[in-house]
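Only the coordinates and a few stated rules stand behind these numbers; no lab work does. Being a predicted model, the structure only gives us computed values, none of them experimental. Don't worry about glycine lacking a Cβ; one is built from the backbone with ideal geometry, like all the others, and counts go over all protein chains shown.
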Amino acid sequence: MPTRIIAVANQKGGVGKTTTAVNLSACIAAAGQRVLMVDLDPQANATSGLGVEKVPGASSYGPILGEGGMLDKVRPTAWERLEIIPSELDLCGADVEIARMENHLARVKTVLQPVLDCGRFDLVLVDCPPSLGILTLNAFVAAEGLLVPLQCEYFALEGVTMLKTIVEQLRNSGMNPGLGFLGIAMTMYDARTNLSRSVVEEVRAHFGEFVFETMIPRTTRIAEAPSHGKPVIYHDPYNAGSSAYEVLAQEVMQRLGLVSSA
Ligand code: ADP
Ligand code: MG
């Protein structure tokens with residue numbers, strides 16, 4: 001089976017991209033799949049969230065600019081079947097430098113090819129920065145699908161409209177004819193508020209079955225897990241957030257046709 005590659009994206013910051021990328025990668029690895037997280041955000045929150053140190057020169061920056069290979073950047077995490085290409089601050093200069101290169105929207109796709117071809121991974125999850133800059137567009141060109149976390153608050157929908165336009169442009173331009181939406185994940189859901197419920201209702205009315213059934217609740221454990229360098233399933237396995245991400249992971253795997261051994 002070829003390696004699958006999914007970009008976790010939403011141009012808005014603070015909607016739960018990194019939290020979702022980190023926790024899904026852990027849950028999917030725990031379910032038996034070999035997962036590679038690619039942290040493309042210069043803020044490197046996914047890197048520290050998985051307990052990996054930020055080291056100068058350890059990110060995908062060099063390979064993207066033509067120096068060295070991505071496979072050499074793969075680092076282990078503390079968990080089986082879960083590896084990472086970390087990020088660090090140098091990536092924040094990447095936008096400008098990539099823009100000067102030939103095929104600048106396909107740089108990540110090109111350098112990830114050996115990672116896909118080596119057969120070491122079943123799934124690559126890319127954690128995108130909170131913008132529609134060159135790094136994010138590179139992730140869109142490399143990916144087969146987008147997983148879009150949406151925070152349960154007003155204006156959640158507006159960003160998705162913009163994402164749809166970009167996906168259509170990338171498809172029509174031939175940059176990535178096969179690009180699609182894997183699904184929309186509702187995050188920071190608070191069942192006690194009318195706001196959360198009405199936003200979910202509105203998003204479901206708009207996007208129907210694209211929206212994953214599992215909603216991620218707002219919990220303190222999810223928020224504090226990164227400060228321990230752990231996904232929430234290893235920070236507090238019995239938390240509602242842990243079970244939610246486990247169930248969401250099953251949905252994601254099902255949509256991708258990946259089999260769970262858990
Ligand atoms: P993004 O990557 O989209 O910028 P993050 O995943 O970093 O967003 O989340 C933004 C903030 O919200 C972080 O402080 C994170 O810990 C917190 N957060 C995300 N999801 C939850 C949740 N389900 N419950 C509680 N806090 C959350
Ligand atoms: Mg983030």
(request) Give, as a single signed number, the net charge of other residues whose beta carbon lies under 12 Å from the beta carbon of V148, with Lys and Arg counted +1 and Asp and Glu -1. (result) +3
(message) If you average the alpha carbon positions of segment 192-210 and of segment 104-121, how far apart do those two centres end up, in angstrom?
(response) 36 Å
(request) May I have the extent of the alpha carbons of segment 35-148 along their three principal axes, as whole Å values ordered from largest to smallest? (result) 38, 31, 27
(request) Starting with the fewest neighbours, write out M37, M70, M175 ranked by other beta-carbon atoms found within 10 Å of each beta-carbon. (result) M175, M70, M37
(message) 5 Å is the cut-off here: which amide hydrogens, built 1.01 Å from N in the peptide plane, fall below it relative to M37, excluding neighbours closer than 5 in sequence?
(response) E83, I84, I85, L125
(request) Which order do the peptides 89-100, 178-189, 11-22 take when ranked by the mean count of other beta-carbon atoms within 10 Å per residue, highest first? (result) 11-22, 178-189, 89-100
(message) Going through the cross-link list K12/K109; K12/K73; K17/K230; K12/K230; K109/K230, which pairs have a Cα-Cα distance over 20 Å in this structure?
(response) K12/K109; K12/K73; K12/K230; K109/K230
(request) Output the Cα-based Rg and Dmax of the chain in Å, rounding Rg to one decimal and Dmax to a whole number. (result) 17.1, 51
(request) First measure r as the distance between the Cβ atoms of R204 and Q113, then evaluate 1/(1 + (r/R0)^6) with R0 = 51 Å and state the FRET efficiency to the nearest 0.05. (result) 0.90
(message) Tell me the volume per residue, in Å³, of the convex hull enclosing the alpha carbons of segment 1-93.
(response) 105 Å³
(request) Enter the Cα centre distance for the pair segment 226-250 and segment 4-71, rounded to the nearest angstrom. (result) 17 Å
(message) From zero outward in steps of 10 Å, how is the percent of C-alpha pairs of segment 133-262 spread across the bins?
(response) 12, 35, 37, 16, 1
(request) Could you compute the FRET efficiency for V96 and E168, with r as their C-beta to C-beta distance and R0 at 41 Å, rounded to 0.05? (result) 0.95
(message) I want to make sure I understand the PRE zone here: with the label point 7 angstrom from the Cα of N103 toward its beta carbon, which residues in segment 25-64 have backbone N atoms less than 14 Å away?
(response) 64
